[in-house]
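The values are calculated or read from the model by the stated rules, or taken from the named source; none is laboratory data. What you are looking at is a predicted structure, and each value in this text was computed from that prediction instead of being measured. All Cβ positions, glycine included, derive from the backbone under ideal geometry; neighbour counts span all protein chains shown. Ligands, DNA and RNA are stripped out before the accessible areas are found, and what is left, the full protein with its side chains, is counted by its heavy atoms. Shrake-Rupley method; radii C 1.70, N 1.55, O 1.52, S 1.80 Å.
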Amino acid sequence: MSQPAREQWGTRAGFLLAAIGSAIGLGNIWRFPAVAYDNGGGAFFLPYVFALLTAGIPLLALEYAIGHRFRGSAPLAFRRLHARAEWLGWWQIAISLVIASYYAVIVAWAGSYTVFAATEAWADDPEDFFFGSYLQQTAEAGALGGLVPAVVVPLVAVWAVVLIVLLRGVRRGIELANRIMIPTLVITFLVLVVRAVSLPGAAGGLDAFFRPDFAGLFDPAVWVAAYGQIFFSLSIAFAIMITYASYLPRRTDLTGSGMIAGFANASFELLAGIGVFAALGFMAATQGIAVDEVVADGIGLAFVVFPEILSTFPALQGLFGVLFFGSLLLAGLSSLISIVQTVVAAVGDKLGWPQRRAVLVTGLPLAAASLLYATRGGVAYLDVVDYFINGFGIAAAGLVEVVLIAWVLRTLDRLRRHADGVSDMRLGWWWTIALGVVTPVMLGYQLLENLRTAVLAGYGDYPVAFQAGAGWVVAAAVLVAGLALARQGWRADVLQLEDFTVEADRRFLKDAS
């Protein structure tokens with residue numbers, strides 16, 4: 001039984017739009033502005049750019065090289081890299097499964113609020129509307145309380161869109177969807193930013209955002225925050241970029257693509273910061289309070305603070321509300337599609353299934369699992385699982401990835417030669433030092449700090465038992481799942497493809513150079 005030919009992107013631009021769409025997600029809009037503000041304002045951009053150049057782009061180039069060279073999803077690519085590295089790929093797939101299950105619900109919220117914004121359904125109390133009327137949140141953490149129809153209906157619609165796109169494949173589905181969604185997202189958000197900066201008080205918000213606190217540059221926590229933001233926002237270490245790069249044609253500029261995707265993501269984050277803080281400045285001026293009294297992040301910023309801001313807009317509140325929440329919807333959909341595709345590709349590679357079968361067999365159960373977060377108690381589960389899977393699952397997987405490749409398997413040079421052989425820009429000594437020294441140190445420190453905080457202070461006001469069950473157990477389960485899945489064997493024809501023998505590797509590198 002022969003393995004079907006791997007599908008490819010129609011164009012490099014299609015790949016870049018998909019990669020950028022994966023990177024630009026909800027966190028760019030509601031997380032970055034507050035992180036920058038809390039860590040030195042304008043001064044934060046120095047460690048942020050440093051982290052982008054020493055971790056973000058090098059890691060993108062690394063994962064592009066792995067996916068492109070070994071032509072497979074993360075488990076298959078790592079298995080072809082080394083027989084004992086497959087478990088890392090499955091660990092990342094398990095992380096993607098967990099993230100997709102709750103991320104879809106947040107996208108569904110954005111879809112609902114795109115409709116609510118037209119009539120300002122939240123009225124005079126956006127917080128009570130969101131947590132009470134819409135989510136019908138229970139007071140007790142851990143209690144499910146039954147499904148909330150107002151969340152389930154848009155959640156079903158979100159999964160329908162995602163699965164339809166994936167059923168159409170890489171070129172006619174993912175690439176086409178991102179060609180539509182990403183330009184639309186950028187244009188829509190630009191309109192919002194232009195409107196926000198023209199509001200009374202916007203200058204005060206922008207001053208608060210950009211005012212530099214250079215003392216923060218001497219605080220290790222600020223540098224850790226910069227690396228954490230870069231790592232969080234570029235879709236690194238949960239199999240996406242490896243999978244997407246596996247669909248690239250043989251001749252492609254891997255390093256240049258990493259530079260474009262990295263700087264495009266950073267540019268959108270800066271744009272989001274400008275738009276968000278201009279709006280916060282307007283809100284502060286309207287209420288006669290300081291900007292720091294209205295700063296928020298996460299779901300509170302998106303679904304509580306922004307509805308408050310929109311309600312006080314001088315004109316066309318409904319239109320700008322639809323544009324804002326529509327932007328969240330597009331950003332979330334593009335990221336969710338990429339996350340689910342990693343799982344689909346891994347299952348398809350492992351079992352030799354075509355795209356359509358893999359989509360249905362993996363996507364439908366995953367959609368059913370996301371119903372947990374559509375219950376009256378779902379927001380508590382979502383909050384804790386998101387904190388632990390991001391703070392420990394992704395960070396740990398990224399740390400293990402760079403240590404394994406750089407120090408254990410010592411394959412950095414091999415991957416660098418491959419990237420250089422097909423790219424216009426060559427990777428230099430900085431790439432090796434960044435991945436071999438800088439990134440492991442910063443990720444290791446970040447992971448230890450997260451662990452220390454979680455152990456000593458816990459997370460939020462949730463009971464310890466609930467944090468253990470919804471947080472620590474989930475974070476540990478994804479690692480166990482990765483190890484268990486790696487024990488399942490591959491068919492010989494999947495692993496022993498002629499194009500990936502040592503001799504073919506040497507011939508390809510020689511021809512490419």
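Centroid-to-centroid, using Cα positions, region 55-74 and region 207-222 are 32 Å apart.
Between the residues VAL276, LEU364, GLY348, the greatest Cα displacement towards the positive end of the dipole of region 260-366, with unit charges on the Cβ of Lys, Arg, Asp and Glu, is found for GLY348. Taken per residue, the accessible surface of the chain reaches 38 Å², heavy atoms only and a 1.4 Å probe. Overall, the accessible surface of region 229-315 at a probe of 1.4 angstrom is composed of carbon and sulfur to the extent of 63 percent. Qualifying trypsin sites (Lys or Arg not before Pro) in region 1-97, where qualification requires a DSSP coil assignment and no more than 16 other C-beta atoms within 10 Å, comprise ARG6, ARG84.
Placing R0 at 41 angstrom, the Cβ-Cβ distance between THR286 and ILE164 gives a FRET efficiency of 0.45 after rounding to 0.05. Each of VAL385, VAL193, VAL115 was scored by the projection of its Cα onto the charge dipole of the chain, and the greatest displacement toward the positive side belongs to VAL385; charges sit on the C-beta of Lys, Arg, Asp and Glu. Report, in order of residue number, the helices in the chain meeting two criteria: a C-alpha extent of 24 Å or more along the helix axis, and a mean Kyte-Doolittle hydropathy of at least -0.5; treat each whole DSSP H run as one helix. Qualifying helices, which must be both long enough and hydrophobic enough, are 86-119, 149-167, 176-197, 254-287, 317-351, 439-457. What the Cα convex hull of the chain gives, in volume per residue, is 135 Å³. Placing +1 on each Lys and Arg Cβ and -1 on each Asp and Glu Cβ, with no other charges, gives the chain a dipole about its Cα centre of roughly 2400 debye. Shown is the FRET efficiency for ARG410 and ALA5, computed with R0 = 45 Å from the Cβ-Cβ distance and rounded to the nearest 0.05: 0.90. Rounded to the nearest 0.05, the FRET efficiency derived from the C-beta distance between ARG172 and ASP424 at R0 = 35 Å is 0.75.
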